[in-house]
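The values are calculated or read from the model by the stated rules, or taken from the named source; none is laboratory data. All values derive from a computational prediction rather than experimental measurement. Here the Cβ positions follow ideal geometry from the backbone for every residue, glycine too, while neighbour counts run over all protein chains shown.
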Amino acid sequence: MSGDGGAPATAAEPRLPEAAHISTPEGRRLVAQIGDEADRHGRKLLEVRNLSTQFFTPDGVVHAVDEVDFDLDYGETLGLVGESGCGKSVTALSIARLVAEPPGRIVGGEVVFDGIDLLRLSSEEMRLLRGRRIGFVFQDPMSSLNPTMTVGRQISESAAAHLGLSRPAASTRAADLLSMVGIPRPADRLGDYPHQFSGGMRQRVMIAIALACDPMLLIADEPTTALDVTVQAQIMELLRSLSERLRTAVLLITHDLGIAAGMCQRVCVMYAGRIVERGLVDDIFGRPRMPYTRALLDSRPRLDVEPGGRLRTIEGFPPDLVDPRPACRFAPRCAHRRAVCDEAKPDLTPRPADGEGHAARCWGTEAGGWIP
Amino acid sequence: MTTQVPAPAVVDVLAARPVVTPRRDALRRLRRNRLAVVGAIVVVVLLAMAVLGPALAPWHYRVQDLEALRANGNRPLPPLSPDHLLGTDQLGRDLFSRLLDGAQISVTVAVVVQVVVLLIGVPVGAAAGWFGGRTDNLLMRFTDVVYAFPDLLFIILLGVAFRETAIGEAMNGLLLIFLAIGLTGWVTMARLVRGQVLSLKESEFVEAARAIGVSDFRIVVRHILPNAIGPVIVAVTLGIPSAILAEATLSFIGIGVQSPRASWGSLIDDGTRWMQSEPHLVVFPALALAIALMSFTFLGDGLRDALDPKLRGRQ
Amino acid sequence: MDPVTHPAGAAGPLVEADGLMVHFPILGGILQRRRGSVRAVDGVSLSIQRGETVGLVGESGCGKSTLGRAMIKLREPTGGSARFDGRDLARLSARELRRLRRRMQIIFQDPYGSLDPRMSVGDIVAEPIQTHRLASGRAKHERVRELLRLVGLDPVFAARYPHEFSGGQRQRIGVARALAVEPEFIVCDEPISALDVSIQGQVLNLLIDLRRELGLTYLFIAHDLAVVRHVSDRVGVMYLGRLVEIGASRRVYALPAHPDTRALLSAVPVADPAVERRRRRVILAGDVPSPANPPPGCRFHTRCWLYERLGRPENCRTVEPELRPVGADQRAACHYAEAALTSDVGVVRPADAAPRDAH
């Protein structure tokens, strides 16, 4: 058993050892290229350019992600917000090239991660990068963990594979990671199986696995949706403090505007496969320039607003993404719709008056538009 | 430049689409599965052969063409002989006609065995699942006992024990086979139905029916059974090849169909004696058996995918 | 007049639970012997007046759904009693109970699992009408159309099957089915939590409109505290099978008297970055303990922030607190409710309101 490597149970802030070894020449080249702080030249950690992913089904081509475009800076937390089916999860899977192929395919765009276009890497190179430089946390920790392996093995497996740690060293590191994610008596729990952990604890284990190789980017896809509200608060607090401490950038995918408000520096709002608005979190929540964002904020009761009267709802439901309309996809549900909305596709254009980097995809709030 | 249009009108895509009943939806998905369609066609051909067999057969299965046999030096006729498309066996009986008779036997076995399986398995499983508790415990322990009993041994014992009786001789030994296979085969069906009923009993739509005040009887008839039927259809379809195979195995080892009737299993058994010189006597019945087994399996797999409620409305 | 199906017209509460318990046996071993029990609902008293909406919140496993079902006898209580319009549900015959179901209904969380996939929408909505012989033939079809219109669906969809609808539309079908018997009381069990954000508001508005138009009484179960506040006159908070706080919504949300209520409120994310930055959260340690083996004394003490803050007083570990009045129309089950009341943990104020320190 690797479970009792004599790891110090009380490592308050374990140092994360840097990559020491990697098994293939490509891997060595990659790791050498990525993560060199001197070589950044003001570029962003992640630059997603016109990313499009489609699914080829018997019913037609589903335009799940349609020319999605955003940046994520080193150490930043960016929220990707939207309802189910808006393409936020597929965007994340596309970035990590985890889209099931077939039926899915990334049909265009670039995903530049620390200067390298991930879409041009071989699948072997991509595999080395995933886990090493990009960590994942999914919604359902139970189905993401292997029920027949101890959590110690699952954590140290990743560390051993990518960092080339010896077994005792990997085991020590696993205990350090468990302690870092707030699991009590970590050394004792390395030999436990996933079912011996509660839902919240399992999600902590997932975070430990994702952080095992000290990645530069953590993609968290609805990490707390399956959890109770008090446990959700714990996990969010953990993610926030870890990303600050380890300077890990986080791409947080959520349908909950409240979570995005509390966690993110910047937010992208997605609707029907497209980004419809993006900007600093205060601008998105304080001065939304896309009627969908506004309507989403208004459609839910809030604890900080006295209740009373009817909720302002968005009528109808999101469109089918098989052959979606080229024009504004929100227009059929929009209270501000005019003829142009059904005729031409609005671009994601800057709204400099409403905050730095603020951009929205709406004819009505363009300069000279009719929405105040 | 821009003109005002009235308040958002949600175009209802649903209104334009034709009504899709669950059955039509399943059929649509079945049709998209090429293997299943091929399987279904072969199954239909097989059924037709079984029903029309005697009418299609150029010879009666027991008639010996002694003249041709003698002309061939008392050796089985090879395939493509005049009057005998697939040749004859060592007694001069037309192989094609005997294969058709075999098809009739196989299909009869398949149908009758599945009826026995349904008649025992469904009520036992449904009762265990619906009543639960002690009834469930009792019925399931009983099925465990049956399950633990070696099938083949049981069938052989039954065959040997009843061979000389009226049951054993009825329908050239066929009835006994049906009973034997059915009596061992219902256990899986009972378990399947029990599982279905158990999970459906806990489903929210059954709870909703209860909340409405629907009586237990109507809940079973209107909600539980119609929803349990899909997996049962699949199990029956997939059970057919194993029943056919079991019959073939029994006939091959000599406790099944008695001469002069021919089942695919007994044909293979007969043929093995001449395998070196006359391979067609083994090859054709084996081919018929293999095609039948594969067709039912393809169809069953296709039905399983088509009837899976999780996939409903998709693809 | 039929005493079962017609209101007694008494002034008492419409629905009443008195020390209600639902324990599920834990079976084990080859003989399926009872090894213990999950105390899903463990002695809850709650009454709901006619026309009132009572909200019920709590974390998963707190027993709120089981309580809702036990109150309309969809779960068999193992102790205590549930009354509807003054009649003890346990004393009714199976037949009488089935007839009483005309007056109490339930709307489920899962819009996919709660509709029979093999029945058309028309048949689903017609089933209660048939069961209680409320109408037949053409009148029945007309009633189905009327119900579909009432919940905002086009009556032409009656011939269609559930799988053709989106989650929000299915939920409307479930509402139409519940309304078909013209009930007085509806248990809404997480009716919007499985729906998308933009659809939740639609269904919530529908439920509120129907309550006004039809004079309905709701037990509204949800884990979303903001949603519950929006619909409820009174709100109850459950923890591990017990009601730990209950009172007028306005009061409970402004001045929560139980540490669990405050912890829940403080954990809810608010869609305003300014509020989020300024908020003080109490992060509860660990997860909810198992309802098969609840902690002794106050069940909440193993996760309670107030218990820690007060220096772990002994009676929290040894004496189970009773639900007691702590203010006008507010009761809480906490030995130190007064201390909880004066804390500022968990109370969310709008961003523009000046932060207040209440210590």
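Among the residues making up the stretch A:117-156, none is surrounded by fewer than 16 Cβ atoms within 10 Å (Cβ to Cβ), touching a residue at least 60 places away in the same chain (Cβ under 8 Å) and closer than 23 Å to A:Asp71 by Cβ.
With respect to A:Met263, is the statement that it is farther than 22 Å from C:Arg281 by Cα, touching a residue at least 12 places away in the same chain (Cβ under 8 Å) and either within 14 Å of chain C (Cβ to nearest Cβ) or surrounded by 24 or more Cβ atoms within 10 Å (Cβ to Cβ) (or both) true? For A:Met263, the condition - farther than 22 Å from C:Arg281 by Cα, touching a residue at least 12 places away in the same chain (Cβ under 8 Å) and either within 14 Å of chain C (Cβ to nearest Cβ) or surrounded by 24 or more Cβ atoms within 10 Å (Cβ to Cβ) (or both) - is not met.
Per-residue answers, yes or no, for (1) away from chain C (no Cβ under 14 Å); (2) within 14 Å of the chain's Cα centre (by Cα); (3) of a type outside the set (D, E, K, R):
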site	(1), (2), (3)
A:Val65	yes, no, yes
A:Glu76	yes, yes, no
A:Lys88	no, yes, no
A:Ala92	yes, yes, yes
A:Glu101	yes, no, no
A:Val107	yes, no, yes
A:Arg120	yes, no, no
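C:Glu213 satisfies every condition listed in (1) within 14 Å of chain A (Cβ to nearest Cβ); (2) in a helix (DSSP H, G or I); (3) closer than 26 Å to A:Glu83 by Cα except (3).
So which residues in the stretch A:267-289 are within 11 Å of chain C (Cβ to nearest Cβ) and either in a strand (DSSP E or B) or under 16 Å from the mean Cα position of the chain (by Cα) (or both), if there are any at all? Once the filter is applied, which keeps residues that are within 11 Å of chain C (Cβ to nearest Cβ) and either in a strand (DSSP E or B) or under 16 Å from the mean Cα position of the chain (by Cα) (or both), the stretch A:267-289 yields A:Val267, A:Tyr271, A:Leu280, A:Val281.
The set of residues in the stretch A:337-354 that are within 12 Å of another protein chain (Cβ to nearest Cβ), surrounded by fewer than 20 Cβ atoms within 10 Å (Cβ to Cβ) and assigned to a loop (DSSP other than H, G, I, E, B) contains only A:Ala344. Residue under question is A:Leu80, and the condition is that it be assigned to a strand (DSSP E or B), at negative phi and under 14 Å from the mean Cα position of the chain (by Cα); does it hold? Here the answer is yes, as A:Leu80 does meet what is asked.
Among the listed residues C:Arg102, C:Arg69, C:Arg75, C:Arg91, which satisfies the condition of being of a type in the set (Lys, Arg) and surrounded by fewer than 20 Cβ atoms within 10 Å (Cβ to Cβ)? Give the steps one after another, and end with the answer.
Working: C:Arg102 fails: surrounded by fewer than 20 Cβ atoms within 10 Å (Cβ to Cβ); C:Arg69 fails: surrounded by fewer than 20 Cβ atoms within 10 Å (Cβ to Cβ); C:Arg75 fails: surrounded by fewer than 20 Cβ atoms within 10 Å (Cβ to Cβ).
Testing whether each residue is of a type in the set (Lys, Arg) and surrounded by fewer than 20 Cβ atoms within 10 Å (Cβ to Cβ) leaves just C:Arg91.
Only one residue in A:Gly309, A:Gly368, A:Gly355 is in contact with a strand residue (DSSP E or B) (Cβ under 6 Å, 6 or more places away or on another chain) and either more than 18 Å from A:Ala261 (Cα to Cα) or at pLDDT below 90 (or both), so which one is that? Selected residue: A:Gly355, the only one of A:Gly309, A:Gly368, A:Gly355 that is in contact with a strand residue (DSSP E or B) (Cβ under 6 Å, 6 or more places away or on another chain) and either more than 18 Å from A:Ala261 (Cα to Cα) or at pLDDT below 90 (or both). Just to be sure before I move on: is A:Thr225 of a type in the set (S, T, N, Q) and either under 26 Å from C:Val237 (Cα atoms) or not assigned by TED's automatic domain parsing to the domain that holds A:Ala160 (or both) in the structure I sent? In short, yes.
Residues considered: B:Ala228, B:Ala243, B:Ala209. Of these, the only one that is crowded, with 18+ Cβ neighbours inside 10 Å, over 25 Å from the mean Cα position of the chain (by Cα) and not acidic (Asp, Glu) is B:Ala209.
Within the set B:Leu69, B:Leu99, B:Leu56, the sole residue that is without any contact (Cβ under 8 Å) to a residue 24 or more places away in the chain and aliphatic (A, V, I, L, M) turns out to be B:Leu69. Residues in the stretch A:305-324 that are more than 24 Å from C:Arg172 (Cα to Cα) and more than 27 Å from the chain's Cα centre (by Cα): A:Val305, A:Glu306. Taking the criterion of being in contact with a helix residue (DSSP H, G or I) (Cβ under 9 Å, 6 or more places away or on another chain) and either of a type in the set (Lys, Arg) or more than 7 Å from chain B (Cβ to nearest Cβ) (or both), the residues of the stretch C:95-109 that qualify are C:Leu97, C:Arg98, C:Leu100, C:Arg101, C:Arg102, C:Met104, C:Ile107, C:Gln109. If you go through the stretch C:113-126 and keep only what is crowded, with 23+ Cβ neighbours inside 10 Å and within 9 Å of another protein chain (Cβ to nearest Cβ), you end up with C:Ser114, C:Leu115, C:Asp116, C:Ile124.
How do the helices (runs of 4 or more DSSP H) wholly within the stretch B:208-315 filter down when requiring 2 or more residues that are farther than 29 Å from C:Arg177 by Cα and among the aromatic types (Phe, Trp, Tyr): which remain?
Qualifying helices (runs of 4 or more DSSP H): B:280-307.
A:Arg185 falls short on exactly one of the conditions (1) charged (D, E, K, R); (2) crowded, with 23+ Cβ neighbours inside 10 Å; (3) over 17 Å from A:Cys213 (Cα atoms), and that condition is (2). Determine, yes or no, whether B:Arg24 is without any contact (Cβ under 8 Å) to a residue 24 or more places away in the chain and either within 14 Å of chain A (Cβ to nearest Cβ) or acidic (Asp, Glu) (or both). When the stated conditions are applied, B:Arg24 does not pass them. Looking at C:Ala274, C:Ala263, C:Ala254, just one residue is within 17 Å of A:Arg302 (Cα to Cα) and crowded, with 24+ Cβ neighbours inside 10 Å, and that residue is C:Ala263. Checking C:Ala226, C:Ala194 one by one, the residue that is in contact with a helix residue (DSSP H, G or I) (Cβ under 8 Å, 6 or more places away or on another chain) and on the phi < 0 side of the Ramachandran plot is C:Ala194 and no other. Checking the structure you have, find out if any residue of the stretch C:253-265 is closer than 29 Å to C:Ile192 by Cα and in contact with a Lys or Arg (Cβ under 7 Å, 6 or more places away or on another chain). Among the residues of the stretch C:253-265, at least one is closer than 29 Å to C:Ile192 by Cα and in contact with a Lys or Arg (Cβ under 7 Å, 6 or more places away or on another chain), which makes the answer yes. If only residues of the stretch C:179-188 that are surrounded by 23 or more Cβ atoms within 10 Å (Cβ to Cβ) and more than 9 Å from every other protein chain (Cβ to nearest Cβ) are counted, the one that is nearest to C:Gly86 (Cα to Cα) is C:Ile186.
I'd like to check something: does the stretch A:193-202 contain any residue that is part of a helix (DSSP H, G or I), in the same structural domain as A:Asp140 (by TED's automatic domain parsing) and in contact with a strand residue (DSSP E or B) (Cβ under 9 Å, 6 or more places away or on another chain)?
No, the conditions are met nowhere in the stretch A:193-202.
Of the residues making up the stretch B:63-77, those that are part of a loop (DSSP other than H, G, I, E, B) and either modelled with pLDDT of 80 or more or over 20 Å from B:Asp269 (Cβ atoms) (or both) are B:Val63, B:Asp65, B:Asn72, B:Gly73, B:Asn74. I'd like to check something: does the stretch C:221-239 contain any residue that is more than 29 Å from A:Ser299 (Cβ to Cβ) and either in contact (Cβ under 8 Å) with a residue 60 or more places away in the chain or within 12 Å of chain A (Cβ to nearest Cβ) (or both)? Yes; the residues of the stretch C:221-239 include at least one that is more than 29 Å from A:Ser299 (Cβ to Cβ) and either in contact (Cβ under 8 Å) with a residue 60 or more places away in the chain or within 12 Å of chain A (Cβ to nearest Cβ) (or both). Looking across the stretch C:127-147, just one residue is within 14 Å of chain B (Cβ to nearest Cβ) and more than 22 Å from B:Val221 (Cβ to Cβ), and that is C:Leu147.
Okay, residues lined up against (1) farther than 30 Å from A:Lys44 by Cβ; (2) in the same structural domain as A:Ala353 (by TED's automatic domain parsing); (3) touching a residue at least 12 places away in the same chain (Cβ under 8 Å); (4) outside any loop (DSSP other than H, G, I, E, B):
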{"residue": "A:Leu238", "(1), (2), (3), (4)": "no, no, yes, yes"}
{"residue": "A:Leu252", "(1), (2), (3), (4)": "no, no, yes, yes"}
{"residue": "A:Tyr292", "(1), (2), (3), (4)": "no, yes, yes, yes"}
{"residue": "A:Asp304", "(1), (2), (3), (4)": "yes, yes, no, no"}
{"residue": "A:Pro318", "(1), (2), (3), (4)": "no, yes, yes, no"}
{"residue": "A:Arg329", "(1), (2), (3), (4)": "no, yes, yes, no"}
